[in-house]
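A.B. asks: The structure under discussion is supplied below as structure tokens; questions concerning it will follow.
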Amino acid sequence: MDVCCLLSNYYEDICTTNQTVRSIRPTISNGESHQLGPQTLILTFTQSEKQMVLEAVKNKAPVGSLTILTIHEAQGLTFKDVVLVRKNTKQLNIYNSVQHVIVALSRHTHSFRYLTIGEEDLMTSLIRKLQKLSLRRRRRRSRRRRRRRRKEEVEDEEEEEEEEEEEEEEEEEEEEEEEEEEEEEEEEGEKEGKEEEVEEEEEEKEGEEQKGKEEEDSMKE
């Protein structure tokens, strides 16, 4: 996908089905250690550089175990991993050829690495540009993740506040119900007390009437 990003500067409507997001590795200088697998294609800009690479690896790798071609020779080929080597310090036009750079970048399916003597050219410029784009993308993703986390934290806080409010409302409702029950019990108690007082008064009144009746009866006798 990163290759498509670079090539889109030169071709319109370019697309890929390859799901590898970052296939272009950082540019490194010759002399640094690097691993070369059996499915690695080694590319050079010129035939003279190709011969230099062949001489450099002939005692380090079995004959035929590495594929070493110029960019022109590699047109139409595809390899899992590609290493492009520049060993010439002269500023030749080929090092800034858009066509050669495009062919070199589009030969791999998994990874691409540029080994150079450190001179500035089109390939190093494009890789540096891609690294800056990648860094900006990572920063944007990081900012989006932070915003999502803050949003989730705010939502969690709002949910907690809502739950607390609901709990407080439930507690208030329970307290109100308890107060209403207590008031009803007090009213019933007062009502029962008044009824008992009325009954007692009626009983006293009946007793007095009965007593007065008995006294009248005794006086008649």
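The values are calculated or read from the model by the stated rules, or taken from the named source; none is laboratory data. Keep in mind it's a predicted model, so treat the numbers as computed, not measured. Virtual Cβ from ideal backbone geometry, glycine too; neighbours counted across all protein chains shown.
A.B. asks: Return yes or no: is Ile127 part of a strand (DSSP E or B), touching a residue at least 12 places away in the same chain (Cβ under 8 Å) and surrounded by 19 or more Cβ atoms within 10 Å (Cβ to Cβ)? Working first, answer last.
C.D. replies: Details: part of a strand (DSSP E or B): no; touching a residue at least 12 places away in the same chain (Cβ under 8 Å): yes; surrounded by 19 or more Cβ atoms within 10 Å (Cβ to Cβ): yes.
Against the criterion (part of a strand (DSSP E or B), touching a residue at least 12 places away in the same chain (Cβ under 8 Å) and surrounded by 19 or more Cβ atoms within 10 Å (Cβ to Cβ)), Ile127 does not qualify.
A.B. asks: Show the residue pairs meeting these rules: Cβ distance below 9 Å; 6+ apart or different chains; first residue within segment 87-110 and closer than 12 Å to Leu126 by Cβ; second residue crowded, with 18+ Cβ neighbours inside 10 Å and small (Gly, Ala, Ser).
C.D. replies: Within 9 Å, the pairs are Ala104/Ala74.
A.B. asks: Just to be sure, is Thr109 part of a strand (DSSP E or B) and either exposed (fewer than 14 other Cβ atoms within 10 Å of the Cβ) or among the β-branched types (Val, Ile, Thr) (or both)?
C.D. replies: Details: part of a strand (DSSP E or B): yes; either exposed (fewer than 14 other Cβ atoms within 10 Å of the Cβ) or among the β-branched types (Val, Ile, Thr) (or both): yes.
The answer is yes for Thr109.
A.B. asks: Tell me which residues, restricted to segment 69-93, are of a type in the set (A, V, I, L, M), outside any strand (DSSP E or B) and either surrounded by fewer than 19 Cβ atoms within 10 Å (Cβ to Cβ) or modelled with pLDDT under 90 (or both). Break it down stepwise before answering.
C.D. replies: Narrowing segment 69-93 to residues of a type in the set (A, V, I, L, M): 69, 71, 74, 77, 82-85, 92.
If we keep only those that are outside any strand (DSSP E or B) too, we end up with 71, 74, 77, 92.
If the condition is that a residue be of a type in the set (A, V, I, L, M), outside any strand (DSSP E or B) and either surrounded by fewer than 19 Cβ atoms within 10 Å (Cβ to Cβ) or modelled with pLDDT under 90 (or both), then Leu77, Leu92 are the ones that fit.
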